[in-house]
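Structure first, then comments.
No lab work stands behind these numbers, since they all come straight from the coordinates. As the structure is a computational prediction, the values presented were derived from the model and not from experiment. Cβ atoms come from the backbone with ideal geometry, glycine included; neighbour counts cover every protein chain shown.
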There are 4 protein chains.
Amino acid sequence: MSDHALAIGVDIGGTKIAAGAVDAAGRVLARTTRPTDPNDPNQIEAAAAEAINDLALRYPEVQSVGVAAAGFVSPDRTTMLFAPNIAWRNQPVGDKLAARTGLVVVIENDANAAAWAENRFGNGRAARNMVMLTLGTGLGGSVIADGELIRGAFGAAAELGHIKVVPGGHFCGCGQEGCLEAYASGTALARYAQQLAVANPTGAEAMLAAAGGEPLDGSHVTAAARQGDPTAIKVLERFGTYLGLGMAVMAAVVDPGVFVIGGGITEAAGDLIVPAAAEAFLNKLSGRGFRGEAEIRTAALGNEAGLIGAADLARHT
Amino acid sequence: MSDHALAIGVDIGGTKIAAGAVDAAGRVLARTTRPTDPNDPNQIEAAAAEAINDLALRYPEVQSVGVAAAGFVSPDRTTMLFAPNIAWRNQPVGDKLAARTGLVVVIENDANAAAWAENRFGNGRAARNMVMLTLGTGLGGSVIADGELIRGAFGAAAELGHIKVVPGGHFCGCGQEGCLEAYASGTALARYAQQLAVANPTGAEAMLAAAGGEPLDGSHVTAAARQGDPTAIKVLERFGTYLGLGMAVMAAVVDPGVFVIGGGITEAAGDLIVPAAAEAFLNKLSGRGFRGEAEIRTAALGNEAGLIGAADLARHT
Amino acid sequence: MSDHALAIGVDIGGTKIAAGAVDAAGRVLARTTRPTDPNDPNQIEAAAAEAINDLALRYPEVQSVGVAAAGFVSPDRTTMLFAPNIAWRNQPVGDKLAARTGLVVVIENDANAAAWAENRFGNGRAARNMVMLTLGTGLGGSVIADGELIRGAFGAAAELGHIKVVPGGHFCGCGQEGCLEAYASGTALARYAQQLAVANPTGAEAMLAAAGGEPLDGSHVTAAARQGDPTAIKVLERFGTYLGLGMAVMAAVVDPGVFVIGGGITEAAGDLIVPAAAEAFLNKLSGRGFRGEAEIRTAALGNEAGLIGAADLARHT
Amino acid sequence: MSDHALAIGVDIGGTKIAAGAVDAAGRVLARTTRPTDPNDPNQIEAAAAEAINDLALRYPEVQSVGVAAAGFVSPDRTTMLFAPNIAWRNQPVGDKLAARTGLVVVIENDANAAAWAENRFGNGRAARNMVMLTLGTGLGGSVIADGELIRGAFGAAAELGHIKVVPGGHFCGCGQEGCLEAYASGTALARYAQQLAVANPTGAEAMLAAAGGEPLDGSHVTAAARQGDPTAIKVLERFGTYLGLGMAVMAAVVDPGVFVIGGGITEAAGDLIVPAAAEAFLNKLSGRGFRGEAEIRTAALGNEAGLIGAADLARHT
C-alpha cells in the first residue's frame, strides 16, 4: 500500500497518451501528453514511460502510477490481456513500465478507472453502489458495488453495452444480436440515422443537411436536433429510451444508488438523451414503491476521469 | 463477530418454518420444523422463537442465529422491509427474535442465504464470483462478487427474474413486460402450457392428460416430458433457452465464474432445462474467445440451502 | 341475382338482433330489434325470422335478406361454421331462415358486412382497395381488394387481429403470442392498464379513480385520458402505435388505398388513437417515396354498418 | 382479349433477358436470351425487342407479349414506375416495345408473373387462393386471391419481404427495421453467417472453410449444411423459422390454400428451410382446429416461371 498524497495517472488511448500528477483529492496538478501509434506497442510503452518520467521528475515524492487503457486486464493488474484498439495481446505493460520508471505501476480498464474517479471525486461521490455508463463510439460501463469495482471471474464484468435488450435485434460489433450498444452508442446513432435517410428521406432532410454530403453520423443527428429538427430529436430520444431500458436491467442485477452517464455523446447531447433515459428507466423498473430509485447524473470529470481514477486506484494498491 | 463452530439457521416460508443447528462445515446436526400462518406475524415469530429455543437448548454453545425469508431486508439486517408471502412490512423480526431467545439474530434474504450456502458448502464452492438462480414459482437470484453477496443500494440487487428480456413481452407479476420470470419460472411454464392447449390442443394432449382435468401447471409439463412427449420437451427447452439468454445478460453485468441453478423446477426437470440454457447462454455470450466462460451447475443442498446459508452468515457477522 | 332497390339486413349479436330494410343507397328505411339468448340457437333463429317477417310485411317487394354474424361462414354463405359468441357449429342458418321467411338468405361475416357497407356507402366509398379495422373487445378486420371482399381459401382471411407483431409477446385469446389484438383492442387496453396499476400505482391514479374500485378496463383509460391524464393518454398512444405497426404489415400484403377504422373504442377514443396509428403507420411503411400512402379514416356508419352491408351483399348475390 | 394458343414471355433481369414462346398449357416451345446492361435502358429495350422479334418470326401467329421485370408497374401495365436493378423510372416500356415489335405488350411484376405461372401450370395449380414466396437475394412475394393477382391501390401489394416481424429488429435494405426479408433471404443468410463468424468463430469453422477466404454468403452456409455442419443447419432452420412466422402473418391477412416457395435459395436448400418453415407456420397459426391449414409446396417451374407467367397473363389480357 502506497497511500501517498500524489500519484501519476496515465490514460493510453488509440491516438494519444494523457498523463497527470493527481493529488489525494483528485486534482490534476500537472499534465503532459504524447502521441501514440496504435500498431506499435514499443512506441506506446516508450511514450508512456517518457510521460511518467517527465512528471516523476517534477514530483519526486510520487511512488505509484496507474495506467488506464481500453481492454481486458489480468486479475493481478499487471498485464493487458486484450486491447481492442492497440496491438496488445497478453502484454505485461505494468512490468515493462515499472522497469522503465522505477515506480509501482498498476493497470486498470479505462472504464473502471473513469468510474472510480467519478465515484471518488465526481458526480458519483459517496455512492457505495454506482453504475457508470460511457456513451461514445460504443457503450462502456463500470459497476461499483459496496464501494468496490466489480471485475468478475474473468475480468469481463460490466460489459454493459452487451446486455441483450432485443431478441433478434440489431447486429452488434461483437457478433451478437440485440446488444444495448447496438441501440445506444455513437455507432448505433449513425446507423439508425442512415437507415432513416433511406426509409424516410424527407424526414431525414435536416440531418442530411447537417451531414453536408458526408456519411451521416451521430454528430449530424445532434447538430440537427440542436436546430430543433423533430426527427433528430426523436432519434436521440429513442437512444435514451433504449438506454433507460438497459438501466432497468442493470438495476435488477446490481441495484445502484446512482447512475453516472458520461462520454462524448453525453457531452454533446446529454440533455436530449438523459431525460428520455430517466423516463424509460422508471417506466421499466420492477418493484417501484417497494424500493429506492437510483439517481441519474451526468459525469463531472470529462476526459480526465480515466487518468484521475487510475492514479487513485494506484495510490490505494 | 461470533465465529463459533455451531450456529442456528432458520428458514421462514409461507407454510412452515425449518430450523437447524449447522456446524462450520455446513452440516445440519439437528432439525426442527413448525407450521406457519402467513397472515399472523405474531404466530410466525412465536413459532420461530420456539424452534430456535428448542435447538439452543440442545446446543447451548450456539450464540448466533441466521434467519432466511423471502423479501427485502434492511441494510443492517435486523428488519424485514417487505415480504411477498407474509404480512411483514417494516417488521423488526431480528430484534423481536433476539428478545425472545437471548441470541444474536441476523436476517437475510432467502435467495441470498441459499446462494451463500452453495457458495461455501455446495456446488458453487470456491467460486469467488457466482450467480445462483432458483427456479420455483418465480425466478429468484443472488449474486456473489469477489466473495461477497451483492445487496445493492436499496437491498434490491439480484432481482434476476426481473431482467427484461423481451420488449413488449409477457406481463409479469411485477406489472412490467418481458421480465425473465415471465419466461423462465413455474408460473411462466403453467401459463405457456395453458396457452398452448388453446393454440394447439392436439399438440398439448399429453400435457392435458397429465393434468387430468386440473388446470395445467408446470408439473404436468414435466410429467409429460418425462414420458417423452415432444411438445412438453420443447416447452421445457424454450424455458431453458430464455434462461440462457438471461444468463448471458447476467454475465455481461457481473461475469460469474459459476452459475448454480436450483429450486423445485430444477429438481423436477433440470436435465431438460439446463442443457438448453447452457446452449443458449454460450450462443448469446458476447466476447467468446476473449473471455472465460462460466460453468453451469445444479445446486447441491436442496431445500436446506436457506437455513445452512443463514446460519453461516450469522456465524460470520 | 336479385338487384332490387330494397333488401333486409340483419345483424345477429350475442345479446340482440338488429334488422332493417335498406335501400340501394344504403339508407335504413325501417328498423326492428329482438333480444337474443346466445345459448339457444333456436330462439335466435325464431327471433331473426320474426324480425325479417316483420319488415317483409311492411316492404313486400323485398326478395333477399343478408345476415351478418361474428364467426366463420361457409364458402356458399349458407352456414355458420363456427361462431365465437353463439352456440353455432356448422349451423345452416341461411337455409333455416329461408324456410321460415320464404326469402333468399345470405350469411356474411359481420366484419365483412360492415366493411362492405363502409366501402359502398361510408367513409371507404370509392376505394377499390380498402382495409377496415374494428376496434372493440377484440380487433376485427376485413380486406377489400380490387372491389371484392377477400375471404380466403378457408374463409379465414382478414383475421387482422392475429397478425403477429411481437415475437414472444403478449398472450392472445387464440393461444398464440404477440398477436396485434393483444396490443390493440379493448381487452389489451384493460390488461395493460391493470398491469400499469401494479408497476406504477402513482402513475395509474387517474385511471384507478375513473374505475372507482371496479377492475380497470378500456373505458376507464379513455375517461382518464379525456380529463388530460398523461399516463392514460400514453396508454392510448401506445395502442395506436401498435395499430399503426400492424397497418404497415397489412399494407405490405394488400396495399389498401384507404384504412377505415371503426368500432366502439374508435368512437370513444379515436382522436387519441388514430393520430398515433397514422404516425406509426408512416414510420413503419416500407417503400415511402416509391409508392402511394393509404388514407386513414374513421368509420361513418357506426353500429348499423353490419346490417347495411349484409343487405347490400344480399341484394347483389 | 387475345386468347391465342401462343404468346411470347420475356423476363428482363439485371444481367440478361430470357424470352420464350409459350403455349396455352404453359410449355415453352422456343427460347432465346440476350445479355443486358442494367444502366442502359435503351440497350435493354433494343435487346428485348430483338428477342421478341426473333421469336415472332418463328411463330407468326403470336399477337401478344408479356414482359416480367422486378419493380413497381403502373396499374394499366404499360409502364415501369420504378425498378430496383435497372435505371427505369416511369419508363413506358410496354409502349416502346409495342412500337418496336407491332405486338400487344403487357408489363407485369416478375414475382406476380412467376406466381401466376405456378398457379396455372406449376405446383399451385388449381389453388384459387395462393401465396408465392421467392427466396433469392431478397424475399419476393405474390398473392392470388379468389383466382386473381392482388395488386393493391398503388401497385405495391404483396411486398411480403417487408412484413415487419421483429420490432427493433434487423435493418432492411428498405430502411426499416425487422422486415421479414432481413431474416429470410440470401442477404440475411450472408449477414447472419458473417456475424456468427465473429460471435463464435469455432462454430462457424465449416462455413468459413466453405467460403475459402471469400466473404461468407448464403452459398457457403448451404454448402456447409450439405456436409452436415450443425451450425449451418441451424442457420438455415432459423431462416425457415422466421419464414414460417411470416407465413402465419400472411395467412392471417389473405388465408391462402397453398404456399408455393421458390427461388434460388429454395433450389439450393429448400429441404433444410421448408420443414422448419412449415413447423413454425403451424406453431404460429391462429385458429387451428377451426380453419383449414395451407399446404406448403416448392415451386415447379424454376427460372422460367417469370416468362411463362408473363406470356399467360398477356394472352388473357
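Comparing C:303, C:109, C:39 in a Gaussian network model of chain C where C-alpha atoms under 10 Å apart are linked, the largest mean-square fluctuation is found at C:39. Between B:166, B:28, B:253, the GNM of chain B built on Cα springs shorter than 10 angstrom shows B:253 fluctuating the most.
The alpha carbon centroids of the range B:31-72 and the range D:61-88 are separated by 83 Å. Taking the C-alpha atoms only, the angle from helix D:264-284 to the longest principal axis of chain D is near 60 degrees. Remark: spin-label model distance residue C:15-residue B:15 equals 4.2 nm, labels positioned 7 Å along the Cα→Cβ axis.
In the range D:127-299, how does Rg compare with the Kirkwood Rh, expressed as the Rg/Rh ratio over alpha carbon atoms?
Values: Rg = 16.2 Å, Rh = 16.3 Å.
On the Cα set of the range D:127-299, Rg over Rh gives 0.99.
Listed by Cβ neighbour count within 10 Å, with the fewest neighbours leading, C:179, B:174, C:172 appear as B:174, C:172, C:179.
Can you give the local net charge around residue D:111? Use residues other than it whose beta-carbon is closer than 12 angstrom to its beta-carbon, Lys and Arg +1, Asp and Glu -1. Walk me through the numbers before you get to the answer.
On the way: positive: D:151; negative: D:11, D:108, D:110, D:118, D:159.
Taking every Cβ under 12 Å from that of residue D:111, the sum is -4.
Each pair of Cα atoms in the range C:19-64 enters the Kirkwood radius, and Stokes-Einstein at 37 °C and 0.692 mPa s then converts it into a translational diffusion coefficient of 288 µm²/s. Cross-link partners for residue D:16 among the lysines, with Cα-Cα distance under 27 Å and sequence neighbours closer than 8 places in the same chain left out: D:96.
Between residue C:226 and residue C:25, the contour length at 0.36 nm per residue exceeds the Cα-Cα span by 68.8 nm.
Candidates D:198, D:160, D:188 compared by Cα position along the dipole of the range D:127-299: farthest toward the positive end lies D:160, with charges placed on Cβ. Note on residue C:76 and residue B:290: their simple-model spin labels are 6.9 nm apart, each label 7 Å out from Cα toward Cβ. Express the relative contact order of chain C as a whole percentage, based on alpha carbon pairs under 8 Å and six or more residues apart in sequence. The normalised contact order for chain C reaches 22 percent.
Taking the Cα centre of the range A:127-299 as origin, sum charge times position over the Cβ atoms of Lys and Arg (+1) and Asp and Glu (-1), and report the length of that vector in debye to the nearest 20. Write down the numbers at each step before the final one.
Values: 11 positive and 16 negative charges, 61 e Å.
Charge dipole of the range A:127-299: 300 debye, to the nearest 20.
Label zone of residue A:85 (point 7 Å out along Cα→Cβ, amide N under 13 Å): in the range A:104-136 this covers A:110-111, A:135-136. Sequence-ordered 3J(HN,Hα) estimates for the range B:230-241 from the Karplus curve with 6.51, -1.76 and 1.60 and θ = phi - 60° stand at x, 5, 5, 4, 5, 4, 6, 5, 4, 3, x, 5 Hz, glycine and proline given as x.
Given the range B:127-299, what percent of its DSSP beta bridges are antiparallel, to the nearest 5? Before the final figure, lay out each step's value.
On the way: 10 of 19 bridges.
About 55 percent, rounded to the nearest 5.
When chain A is treated as a GNM with alpha-carbon contacts under 10 Å, the residue of A:198, A:274, A:104 showing the greatest mean-square fluctuation is A:198.
Within the shell defined by Cβ-Cβ distances under 12 Å, the residues around residue C:258 carry a net charge of -1, with Lys and Arg each +1 and Asp and Glu each -1. Within the range C:35-138, DSSP assigns beta bridges of which about 40% are antiparallel (rounded to the nearest 5). Sorted shortest first, the distances from the residue D:50 label point to those of the same residue in the other copies are 6.7, 8.1, 10.2 nm; each point sits 7 Å from Cα along Cα-to-Cβ. Short version: ³J(HN,Hα) in whole Hz for each residue of the range B:170-176, in order, from phi by Karplus 6.51 cos²θ - 1.76 cosθ + 1.60 (θ = phi - 60°), x for Gly and Pro, what are they? Result, ordered by residue: 4, 5, 10, x, 7, x, 8 Hz. For residue D:279, the point set 7 Å out from Cα toward Cβ sits 1.0, 4.2, 4.3 nm from its twins in the other copies, listed from shortest up. For the range B:277-317, list residues with backbone N below 19 Å from a point placed 7 Å from the Cα of residue B:53 toward its Cβ? Once the point is set 7 Å along Cα→Cβ of residue B:53, nothing inside the range B:277-317 turns out to lie under 19 Å by backbone N. With respect to chain B, whose longest principal axis is taken over its alpha-carbon atoms, helix B:305-315 is tilted by about 40°.
Could you work out how far helix D:110-121 tilts from the main Cα principal axis of chain D, as a 0 to 90 degree angle to the nearest 10? Once rounded, the angle reads 80 degrees. This model, with +1 at the C-beta of Lys and Arg and -1 at the C-beta of Asp and Glu, gives the protein assembly as shown a dipole about its Cα centre of some 0 debye.
Over the range B:132-217, calculate the relative contact order: mean separation of alpha carbon pairs under 8 Å at least 6 apart, over the residue count, as a percent. Write down the numbers at each step before the final one.
Details: 116 pairs, mean separation 18.3, N = 86.
Reported as a whole number, the value is 21 percent.
Size descriptors for the protein assembly as shown: radius of gyration and Dmax over Cα atoms are 34.2, 113 Å. Label-point distances for residue D:89 to the equivalent site in the other copies, using a point 7 angstrom along Cα→C-beta, read 4.9, 6.1, 6.7 nm when ranked shortest first. Taking the Cα atoms of the range B:91-166, the ratio Rg/Rh between the radius of gyration and the Kirkwood radius comes to 1.04. When chain C is turned onto chain A, its residue with the beta carbon nearest the axis, and that distance in whole angstrom, is C:167, 3. Here the scattering of chain B is modelled by Debye summation over its C-alpha atoms, one equal scatterer each and no solvent; at q = 0.14 Å⁻¹ the log10 of I(q)/I(0) is -1.05. Where both bridge residues fall in the protein assembly as shown, DSSP classifies roughly 60% of the beta bridges as antiparallel.
What's the exposure ranking of D:11, D:110, going from fewest to most Cβ atoms within 10 Å?
Working: D:11 28, D:110 25.
Exposure proxy ranking, most exposed first: D:110, D:11.
Only four residue types carry charge here, +1 at the Cβ of Lys and Arg and -1 at the Cβ of Asp and Glu. Report the dipole size of chain D about the Cα centre in Debye, rounded to the nearest 20.
I would put it at about 300 debye.
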